[in-house]
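A.B. asks: Got a structure for you, written out below as structure tokens; questions coming shortly.
The values are calculated or read from the model by the stated rules, or taken from the named source; none is laboratory data. These numbers were taken from a predicted model, which means no experiment stands behind them. Positions of Cβ are generated from backbone atoms using ideal geometry, with glycine treated the same way; all protein chains shown enter the neighbour counts.
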Amino acid sequence: MKRKYWVLLICVVFIVALDQYTKYEVQQRIHLHQSIKVINGFFNLTHLRNTGGAFGILGGQKGGISSLFFLILPLAAVGIILYLIYKLKEHERILSLSLSLILSGAIGNLIDRIR
């Protein structure tokens, strides 16, 4: 495997693990709808659950077309991003790192949907 793929793989694994760990910690330590002030007057951490897409679109619907949609969409995103990374040239490091961060988010989203 090429060196660039190893670096991106390590990055993706680290970000996905960090994402899942922080979600686990929030679920264990903060009650649902509870807020914790991180920076007073500027940044609060609130435990919420979104069963839908961005901004709660199609939220609260169990099964059916919405569940299928939210499973297929991240799978398609992962496939497209992997293809784009494969097509990148060796010198396009910043773009490949950026795509690996987006890939990490898509994989994290897919894990959340399966769970």
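A.B. asks: Of the residues in segment 31-43, how many are more than 25 Å from R115 (Cβ to Cβ) and not small (G, A, S)?
C.D. replies: Looking only at segment 31-43, we keep the residues that are more than 25 Å from R115 (Cβ to Cβ), and these are 37-43.
Subset that is not small (G, A, S): 37-40, 42-43.
Residues in segment 31-43 being more than 25 Å from R115 (Cβ to Cβ) and not small (G, A, S): 6 in total.
A.B. asks: Additional query: For segment 16-53, which positions are touching a helix residue (DSSP H, G or I) at 6+ places or on another chain (Cβ under 6 Å) and either within 21 Å of F70 (Cα to Cα) or among the acidic types (D, E) (or both)?
C.D. replies: Within segment 16-53, the first condition is being touching a helix residue (DSSP H, G or I) at 6+ places or on another chain (Cβ under 6 Å), and the residues that meet it are 16, 19, 47, 50.
Once the filter is applied, which keeps residues that are touching a helix residue (DSSP H, G or I) at 6+ places or on another chain (Cβ under 6 Å) and either within 21 Å of F70 (Cα to Cα) or among the acidic types (D, E) (or both), segment 16-53 yields V16, D19, N50.
To keep it simple, each residue is scored yes or no on (1) at pLDDT 95 or above; (2) of a type outside the set (G, A, S).
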{"position": "F14", "(1), (2)": "yes, yes"}
{"position": "Q20", "(1), (2)": "yes, yes"}
{"position": "Y24", "(1), (2)": "no, yes"}
{"position": "I30", "(1), (2)": "no, yes"}
{"position": "G56", "(1), (2)": "no, no"}
{"position": "G64", "(1), (2)": "no, no"}
{"position": "P74", "(1), (2)": "no, yes"}
{"position": "A77", "(1), (2)": "no, no"}
{"position": "I94", "(1), (2)": "no, yes"}
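A.B. asks: When residues of segment 42-51 are filtered for being loosely packed, with under 14 Cβ neighbours inside 10 Å and modelled with pLDDT under 90, how many remain?
C.D. replies: Selection size over segment 42-51: 3.
A.B. asks: Can you tell me how many residues in segment 18-34 are farther than 21 Å from N109 by Cβ and assigned to a helix (DSSP H, G or I)? Before you say what the answer is, go through the steps one by one.
C.D. replies: First pass over segment 18-34, keeping only residues farther than 21 Å from N109 by Cβ: 29, 31, 33-34.
Imposing the further condition that a residue be assigned to a helix (DSSP H, G or I) reduces the set to 29.
Residues flagged as farther than 21 Å from N109 by Cβ and assigned to a helix (DSSP H, G or I) within segment 18-34 amount to 1.
A.B. asks: Further, regarding this structure: Quick check on my filter: what residues within segment 65-98 are surrounded by 16 or more Cβ atoms within 10 Å (Cβ to Cβ) and touching a residue at least 40 places away in the same chain (Cβ under 8 Å)?
C.D. replies: Within segment 65-98, F70, I85, S96 meet the criteria.
A.B. asks: Which pairs do you get when a residue that is surrounded by fewer than 16 Cβ atoms within 10 Å (Cβ to Cβ), found in segment 11-27, comes within reach of a residue that is in a helix (DSSP H, G or I) and not charged (D, E, K, R), reach meaning Cβ atoms under 7 angstrom, with the pair 6+ apart or on two chains?
C.D. replies: From residues that are surrounded by fewer than 16 Cβ atoms within 10 Å (Cβ to Cβ), the pairs are Q20/G108; Q20/I111.
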